[in-house]
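Here's the structure, in structure tokens; my notes come after.
The values are calculated or read from the model by the stated rules, or taken from the named source; none is laboratory data. All of these numbers come straight from a predicted model, not from anything done at the bench. Don't worry about glycine lacking a Cβ; one is built from the backbone with ideal geometry, like all the others, and counts go over all protein chains shown.
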């Protein structure tokens, strides 16, 4: 999932969108209410792109976890974040069986389900392009300007003036 510019602010419910950098704060917009506010440097702000889930092997980026949830739920909403802790844990184990049960708390799973449902309701769950598709797209985009440059660098031939013979 593409999570760039989507933020979580500690102590604030919901998710926010980055709008602009101010002098002493960043300007954010609440995704659901559309209210704009400032997040000062005294508050912990985390980009969802930088968050990962602990697993037994290596940390899994939140975007990939959202992809797994999207596939398991067939593109629909997921479990309610206010469900019983045992139900939340068993649901998450079905999504990511190798998650670290010592490091991932029930509160983390609640946030994950809540964030997923917020993003789903706002149609912000956009899948990332695979790396190979990105490279192919860049290659075709790069070739087109080069072809133009090559064509434009050739000197244009001017037609010779016609002369009349008497």
Quiz item: Does residue 42 qualify as being assigned to a loop (DSSP other than H, G, I, E, B), out of contact with any strand residue (DSSP E or B) (no Cβ under 8 Å at 6 or more places or on another chain), free of Cβ contacts under 8 Å to residues at least 40 places away in the same chain and farther than 18 Å from residue 118 by Cβ?
Solution: yes
Exercise. Take segment 67-94 and flag every residue that is under 22 Å from residue 122 (Cα atoms), out of contact with any helix residue (DSSP H, G or I) (no Cβ under 6 Å at 6 or more places or on another chain) and assigned to a helix (DSSP H, G or I).
Key: 67, 70, 71
Exercise. Just give me the residues in segment 109-131 being at pLDDT 85 or above, in a helix (DSSP H, G or I) and more than 22 Å from residue 94 (Cα to Cα), in sequence order.
Key: 121
Quiz item: Regarding residue 49, is this residue at pLDDT 90 or above, closer than 20 Å to residue 125 by Cβ, touching a helix residue (DSSP H, G or I) at 6+ places or on another chain (Cβ under 9 Å) and part of a loop (DSSP other than H, G, I, E, B)?
Solution: no
Quiz item: Taking segment 57-74 on its own, how many of its residues are exposed (fewer than 12 other Cβ atoms within 10 Å of the Cβ) and touching a residue at least 24 places away in the same chain (Cβ under 8 Å)?
Solution: 1
Quiz item: For segment 1-45, what are the residues that are crowded, with 16+ Cβ neighbours inside 10 Å and touching a helix residue (DSSP H, G or I) at 6+ places or on another chain (Cβ under 8 Å)?
Solution: 1, 3, 6, 7, 8, 15, 31
Quiz item: Which of (1) without any contact (Cβ under 8 Å) to a residue 60 or more places away in the chain; (2) crowded, with 17+ Cβ neighbours inside 10 Å does residue 48 not meet, given it meets every other one?
Solution: (1)
Exercise. Test residue 112 against the stated conditions and say whether it is buried (at least 18 other Cβ atoms within 10 Å of the Cβ) and closer than 21 Å to residue 12 by Cα.
Key: yes
